[in-house]
Amino acid sequence: MKSVLSLLLAALIVVSTTAFGVHTPVFSKAATAARVTQGNNMEMRARICDLTGKRPNRQARVVTFSHKRIKKVQHVNLQKKKFYSEELGRNVKLRISTKGIKTVTKYNGIDAAAKKFGVDLSKF
């Protein structure tokens, strides 16, 4: 009886180590890459202006009636807008802040504004 139990215990240990090997990863890189490419190609991006580089203000506070100070995030007013680039000869779609839109109109075009801020428009 003891030999049967020890044999079953040894078999259980062998099966568990082969199923959950010590150095085998749970997900291989090839399997995760296959899962990513099978889904849609949507890319999550941060809320940052493509032209000016404005970021959300995470230092803001709200003062309530009882004078409690609560932290809040002031997000950038981002808009999706197409501009015609004369250098590239095509439309460029940017996620740009409203201040960035004013900057583009001030410099009379997206090419001059991108040159001022050092942005490569060929990526967009």
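Key figures
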{"item": "Residue that is farthest from the chain's Cα centre (by Cα) [pool: residues in segment 50-61 that are open to solvent by 80 Å² or more (accessible area, probe 1.4 Å) and closer than 23 Å to I110 by Cβ]", "result": "K54"}
{"item": "Criterion: at pLDDT below 55 and not in a loop (DSSP other than H, G, I, E, B) - qualifying residue of A30, A11", "result": "A30"}
{"item": "Elements of type strands (runs of 3 or more DSSP E) in segment 62-124, at least 3 residues being in contact (Cβ under 8 Å) with a residue 24 or more places away in the chain and surrounded by 11 or more Cβ atoms within 10 Å (Cβ to Cβ)", "result": "78-85, 90-97"}
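The values are calculated or read from the model by the stated rules, or taken from the named source; none is laboratory data. If you're wondering where the values come from, they're calculated on a predicted model, not measured in any experiment. A quick note on method: Cβ atoms are made from the backbone with ideal geometry, for glycine too, and the neighbour counts reach across all protein chains shown. Protein only, heavy atoms only, side chains kept; ligands, DNA and RNA dropped before computing areas. Shrake-Rupley method; radii C 1.70, N 1.55, O 1.52, S 1.80 Å.
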